[in-house]
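Colleague: Mind having a look at this structure? Questions to follow.
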Amino acid sequence: MKTIRIASLALLTTAPLSGQVNTDTVRAGRFDYGKMWTFENAPARYFTEAYGFDANAAWFERARGAALRIPGCSAAFVSPRGLVVTNHHCIRDAVVQLSKPGENLDDNGFYAKTLQEERRIPNYYVDQLIAVEDVSAEILAAIDRATDDAGRRTARTQAISAVRDRMMRAANDPLITVQVVPLYNGGRYSAYTFRRYTDVRLVAAAELQMGFFGGDPDNFTYPRYALDFGFLRVYGPDGQPINNTQYFNWSETGPQEGEVVFVIGNPGTTNRLSTIAQLEFRRDVLLPAQARVFDARIQALWEFYREDEKTANELDVRGLVFGLSNSWKQYVGQIDALNTPVIVAKKRAAERQLRDSINAKPALRQAYGTAIDRIAAIQPRNRELAPYFNAFTLWGNGSYESAVLRRVIAVWQGLQAIQRGGVPADTINAMQQRILQIRDLPKGLERRLLIARLKDLATLPANDPIRIAALGSMTPEAAADRLMTESVFSTAQRTAAAMTGMSDPNDPAMLIVNATMPRFSEYATRQQQNATEEADLAQQLGRARFEIYGTAVPPDGTGSPRITDGVVRGYEYNGTTAPAHTTFFGMYDRFYAHGPDTDWNLPKRWLPVPAGLDLNTALNFISTADTYGGNSGSPAVTQDLALVGLNFDRNMEGLSRNFIYLPERGRNIMVDVRAIREALDDVYDADRIVLEVLTHKMYATEREADAAARPRR
């Protein structure tokens, strides 16, 4: 498959989006910190006043109970018999895992025509939030009784464990799990009680090519044409589908432009409460290093893919690339945001406002008045580590590091443990087995990953001992070839044969690791020390912030349940206008414009256009809702709590949301439920699902559903 990538490192110097800005006149906005509202501090009055309906406690309880959390993503109940809908990309690993010999569910999709054919996903869960308790007083009191930073950290950990243990004992239910989540960087704490279901079965999933239509080039862009959906079902301890009373009705009309939607999910970590000094460090050091290292791995993987597509597919190289590319695009977008004058000016204005508010109150000034400056004082220490962010990002990573270096790192760690003494023989044997289990990579991939790492080490100063040990006077390419021919760690077979002689200091891989690992350990220790000190100060600042603003400012994303509001609305870009909705017409246009051997290919069942498929059906739509990573699969609902879409992405302009919420052009992107129903009806022939979401009656077989569907037609 041909793959198109946007220019890489050139984007690191993209000109600010806003042009010339008089930053002296920029002020912080009401919602700059976002709209990731918590359910324990639900914005009932704001929703009611802004959108003209009664957003009462019962409304929020219904919204909370029907929304779900699954590993890494969000989801929703859409029937009273445990039927769950989410994004395809959220359950892709399960789809691959459940493929039987001779099947390829990735390429062909999956639909269980009967209840018996629904396949249980091993080691999986669905969490339903059933209660929230503010436990700030208990935890903060324990922290305040400590007399130093180390004591406060210990007290915090112990208090959180005590709260969780107490609540778990009180529940006395194997289906209950409790998570205590710090909010406002630890300025507040909430205990979330979930009902955790562990018998979860795959019901249906679109083909990977439909869920990922447009591939990496379309990722974080709009207009989009992805049919990113899948269905699961939750079963109870009796092995039967559960009976649940809280679920979203399936909208038959979808959202209209200008209509408000509410997106409910579990947004991941954001950094909107970070100080200017912290953001400058991310902009100047951390993000560029991550972007460069990730870009190099992406290039290495694509080069191998073009060299040996068959083997690359067996290793799921495309999946690895997408994971890296997803992060890489985010880093590039965040760098651009932090180089945009108006964004930086708004963040500075907000920080000045916070500092002035702290200093205006003697008690706050005494307790927290130096926190911002103390955080700033840590950043020069972080910048001292700058050379090593390039050298050590992804160091030893199981997916993106060469097998040679992974083996020698493991050996070095084992030798260090042995030298410290007291390591039992069975532990040594276990370490040896772990080393031997590191499988060989194809030579083309191994060499490219080695070159990428050696280029990372080549960014160190010329006199650095690590660079000298890794390269000497050689190029990264020559050094990689030497490692692959001369090191005993070059293959699993040679490693096994030489197991007793692995401490040879003249082995070229051992030369690298002996020079690198002590420095890496020092780097990791210093980085952790700085991060710990920053976290302590951020917690103090979080307490001050909550004292000043209360719940008017929502906390950063934490992977905990949130609800956000937005309006379905297009936007201007590149001299034109992005529509609020796209359709199946556009999807086929992309296919015919780019051709079959591209990221815009269509699976066989979609060609030619299936009979009955209404190409005018809305496929994707956008809104101004405040979403982030972790919101994938989040239900988008109307004020009547009817499901109209599933969140699956943001546009490039929305990547600044790690730091600030700006709805002017940032949009979240959703698959429209009308497209899902149309596809289920006319492409996948999945009447069993269609009738269940529309009538709330579960059918055991497709035959039963077909019989029930005839009068409707």
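The values are calculated or read from the model by the stated rules, or taken from the named source; none is laboratory data. Here the structure is a predicted model, which means the values were calculated and not measured. Note: ideal-geometry Cβ built from the backbone for every residue, glycine included; neighbour counts use all protein chains shown. Calculation scope for accessible area: heavy atoms of the full protein, side chains included, ligands and nucleic acids excluded. Shrake-Rupley method; radii C 1.70, N 1.55, O 1.52, S 1.80 Å.
Colleague: With the structure loaded, tell me whether Asp216 is in a helix (DSSP H, G or I), under 22 Å from the mean Cα position of the chain (by Cα) and in contact (Cβ under 8 Å) with a residue 60 or more places away in the chain or whether it fails that test.
Modeller: Against the criterion (in a helix (DSSP H, G or I), under 22 Å from the mean Cα position of the chain (by Cα) and in contact (Cβ under 8 Å) with a residue 60 or more places away in the chain), Asp216 qualifies.
Colleague: Among the candidates Leu394, Leu415, Leu405, which residue alone is out of contact with any Gly (no Cβ under 8 Å at 6 or more places or on another chain) and either closer than 24 Å to Ala498 by Cα or open to solvent by less than 20 Å² (accessible area, probe 1.4 Å) (or both)?
Modeller: Selected residue: Leu415, the only one of Leu394, Leu415, Leu405 that is out of contact with any Gly (no Cβ under 8 Å at 6 or more places or on another chain) and either closer than 24 Å to Ala498 by Cα or open to solvent by less than 20 Å² (accessible area, probe 1.4 Å) (or both).
Colleague: Have a look at Thr193, Thr198 and point out the one that is touching a helix residue (DSSP H, G or I) at 6+ places or on another chain (Cβ under 8 Å) and of a type in the set (Ser, Thr, Tyr).
Modeller: Thr193
Colleague: Just the residues that are under 21 Å from Glu572 (Cα atoms) and among the aromatic types (Phe, Trp, Tyr), please, taken from the stretch 649-675.
Modeller: Tyr661, the sole residue that qualifies.
Colleague: Being closer than 25 Å to Arg195 by Cβ, small (Gly, Ala, Ser), open to solvent by 10 Å² or more (accessible area, probe 1.4 Å) and touching a residue at least 24 places away in the same chain (Cβ under 8 Å) narrows it down to one of Ala42, Ala76, so name that one.
Modeller: Residue meeting the stated conditions: Ala42.
Colleague: Separate question: Which one is surrounded by the fewest Cβ atoms within 10 Å (Cβ to Cβ) among residues in the stretch 544-577 that are in contact with a Pro (Cβ under 6 Å, 6 or more places away or on another chain) and within 24 Å of Leu227 (Cβ to Cβ)?
Modeller: That would be Gly570.
Colleague: Scan the stretch 174-183 and tell me whether some residue there is open to solvent by 60 Å² or more (accessible area, probe 1.4 Å) and under 30 Å from Pro241 (Cα atoms).
Modeller: yes
Colleague: Using the structure shown, decide if Ala142 is surrounded by 18 or more Cβ atoms within 10 Å (Cβ to Cβ) and without any contact (Cβ under 8 Å) to a residue 24 or more places away in the chain.
Modeller: Judged against the criteria, Ala142 is a match.
Colleague: Tell me, please, whether a residue that is open to solvent by 70 Å² or more (accessible area, probe 1.4 Å), part of a loop (DSSP other than H, G, I, E, B) and under 29 Å from Arg188 (Cβ atoms) can be found in the stretch 100-117.
Modeller: no
Colleague: Further, regarding this structure: Sort out for me the helices (runs of 4 or more DSSP H) sitting completely within the stretch 240-335 that have 2 or more residues that are open to solvent by 50 Å² or more (accessible area, probe 1.4 Å) and under 30 Å from Glu118 (Cα atoms).
Modeller: Once the helices (runs of 4 or more DSSP H) in the stretch 240-335 are filtered for at least 2 residues that are open to solvent by 50 Å² or more (accessible area, probe 1.4 Å) and under 30 Å from Glu118 (Cα atoms), what remains is 309-314.
Colleague: Given the residues Tyr388, Tyr331, which is the only one that is without any contact (Cβ under 8 Å) to a residue 60 or more places away in the chain and either of a type outside the set (Gly, Ala, Ser) or over 16 Å from Gly542 (Cα atoms) (or both)?
Modeller: It is Tyr331.
Colleague: Conditions first: (1) without any contact (Cβ under 8 Å) to a residue 40 or more places away in the chain; (2) open to solvent by 10 Å² or more (accessible area, probe 1.4 Å). Ala709 passes all but one, so which condition is the exception?
Modeller: All conditions pass for Ala709, except number (2).
Colleague: Does Gly557 satisfy the criteria of being farther than 26 Å from Asp356 by Cα and at pLDDT 95 or above?
Modeller: no
Colleague: Can you list the helices (runs of 4 or more DSSP H) found entirely within the stretch 435-500 that contain at least 2 residues being open to solvent by less than 50 Å² (accessible area, probe 1.4 Å) and closer than 16 Å to Thr516 by Cβ?
Modeller: 443-457, 465-471, 476-486
Colleague: Okay, next question. Please list, ordered by first then second residue, the pairs with beta carbon atoms under 7 Å, 6 or more apart or interchain, first in the stretch 506-523 and farther than 14 Å from Pro465 by Cα, second open to solvent by 10 Å² or more (accessible area, probe 1.4 Å) and hydroxyl-bearing (Ser, Thr, Tyr).
Modeller: Matching pairs, first to second residue: Tyr523/Tyr388.
Colleague: Go through Ala376, Ala410, Ala363 for me and flag whichever is more than 27 Å from Arg297 (Cα to Cα), aliphatic (A, V, I, L, M) and touching a helix residue (DSSP H, G or I) at 6+ places or on another chain (Cβ under 6 Å).
Modeller: That would be Ala376, the only listed residue that is more than 27 Å from Arg297 (Cα to Cα), aliphatic (A, V, I, L, M) and touching a helix residue (DSSP H, G or I) at 6+ places or on another chain (Cβ under 6 Å).
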